[in-house]
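The values are calculated or read from the model by the stated rules, or taken from the named source; none is laboratory data. Please read these numbers as outputs of a predicted model, since none were measured by experiment. Note that each Cβ is placed from the backbone with ideal geometry, even for glycine, and that neighbours are counted across all protein chains shown.
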Amino acid sequence: MVFWFWVGVTILAVPPIAIGLGLAVLYLYLRWKYLGFLVRIFQEKPLFVVPKGVPTDDAEHAAFPAADGLTLRGCYLRATAPGPRRGVVLFGLEFGSDRWACRGYCDGLLAAGYDVFCYEPRNQGDSDRDPAYEPLQWVTDKDVADMRAALAYLRSRPDADPAGVGVFGVSKGGSTAFLAAAAEPGIRCLATDGAYATYTTMVPYMKRWIGIYSQRHRLQQVLPGWFYGLVGLTGVKKVARNRGVTYPSVEKAAGKLCRPVLMIHGEADAYIKPEMGRALFDRVRGPKEWWAVPKAKHNQAHQAAGDEYHARVVAFFDQHLGATAGAG
C-alpha cells in the first residue's frame, strides 16, 4: 500500500522529474507483475466461428512460391460480366479461413467486371505448413511476405495488369494489406473490412484487463494511453522473440499511405470495436472513406448490409481502379 500511495502521489503531484521517476518505477512494477498475463492474453485465439467457402468449378487453381520456398495456393476467379476486364483485385483472407470464402465478399466485384485472386497464407487452407510458425490473429512479417508473394505471382501472369492491382482484405487480411501496400507501389487502392492494428487494439484491451487484475482504479484513470502501450509493446516483443517472428506496426504503415482507402467496420463489432478501427483510419493520410455498418458484428458487414455492401465496394474500385479511373 505504501508503494502505491507513493506512486499515486508522484503522478498527481507537480515536479516533472518526479513524475518521470514515478512512471519508470511503475513501468518496472507492472512489467514484473503483469507481463505474464499480457503474453498469455496476446496469444489467445478468437472464439468466433470462421466461415469456410465452397470450391467452384469456374476457378483457376494457382500455386506459387513464398519467399522462403514454401508453396502457397490460391484461386483466380475471372469476371462474370461481359466485356473487357475492369481490373484485378487481390483478396486477403481473415484468420483461419480458406480461399473459397472470398466469394461471399467478392461476388459483386466479379459481376461488375473485376478478376479476383484469393490466396491462402502459410499454415492456412491448402498452402504448405511452416513447422516453425504458429499463426495468430496478429499480423507478422511472414504474413506480409506471403501477401507480397501473391502480388509477385499476379505480376508474373501473362494476363497481368501493368497498371497495378487493388487489394480487398477482411480482418487480418485487411491489416496485412496495409503493410503490403506501404511497401508495394503496384497496389493502387485498398479496401478493408474489420481491419485492426496491434497498438490501437491492444491499449483499450489492456486498460480493461488491468482493471480486472488490479483494484487501484484511481491510478488507472490517470495513466496515459502511451504508458499502457509501452508496457504492451514490451510483451509483444517477448512473444515475437519466443515465436521467431516480428509484429510490424500496421499504424505506421497506414500513416505512410497516400493512396485511396475504404475502411468498412461493423458498428456491433464486439471483438474489434469501431473506435479501434477508427483509430487506424485516422492515421491514413490519403483519400479515405469510413463506413460503419449498423448492427454488423465482426466480419459480418456483408451479411448485414446485403446489396449495399457490394455496391459500395464496387463503387470504390470503379473510382480508383476500374476502367473509369483509366486502368483500361
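Summary of values
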quantity: So GLY255, is it surrounded by fewer than 17 Cβ atoms within 10 Å (Cβ to Cβ) and assigned to a loop (DSSP other than H, G, I, E, B); calculated: no
quantity: Residue among PHE178, PHE168 that is at pLDDT 95 or above, part of a helix (DSSP H, G or I) and in the same structural domain as GLY108 (by TED's automatic domain parsing); calculated: PHE178
quantity: Any hit, the stretch 68-89, residues being closer than 21 Å to MET263 by Cα and either surrounded by fewer than 22 Cβ atoms within 10 Å (Cβ to Cβ) or under 22 Å from the mean Cα position of the chain (by Cα) (or both); calculated: yes
quantity: Of all residues making up the stretch 135-156, the number that are assigned to a loop (DSSP other than H, G, I, E, B), touching a residue at least 60 places away in the same chain (Cβ under 8 Å) and either farther than 20 Å from LYS256 by Cβ or not hydrophobic (A, V, I, L, M, F, W, C) (or both); calculated: 3
quantity: LYS237, sole failed condition from (1) more than 21 Å from THR176 (Cβ to Cβ); (2) not assigned by TED's automatic domain parsing to the domain that holds LYS142; calculated: (1)
quantity: Residues of the stretch 282-308 satisfying the condition of being buried (at least 21 other Cβ atoms within 10 Å of the Cβ) and outside any strand (DSSP E or B); calculated: VAL284, ALA296, HIS298, ASN299, ALA301, HIS302
quantity: In the stretch 254-275, the residues that are free of Cβ contacts under 8 Å to residues at least 60 places away in the same chain and among the small types (Gly, Ala, Ser); calculated: GLY255, ALA268, ALA270
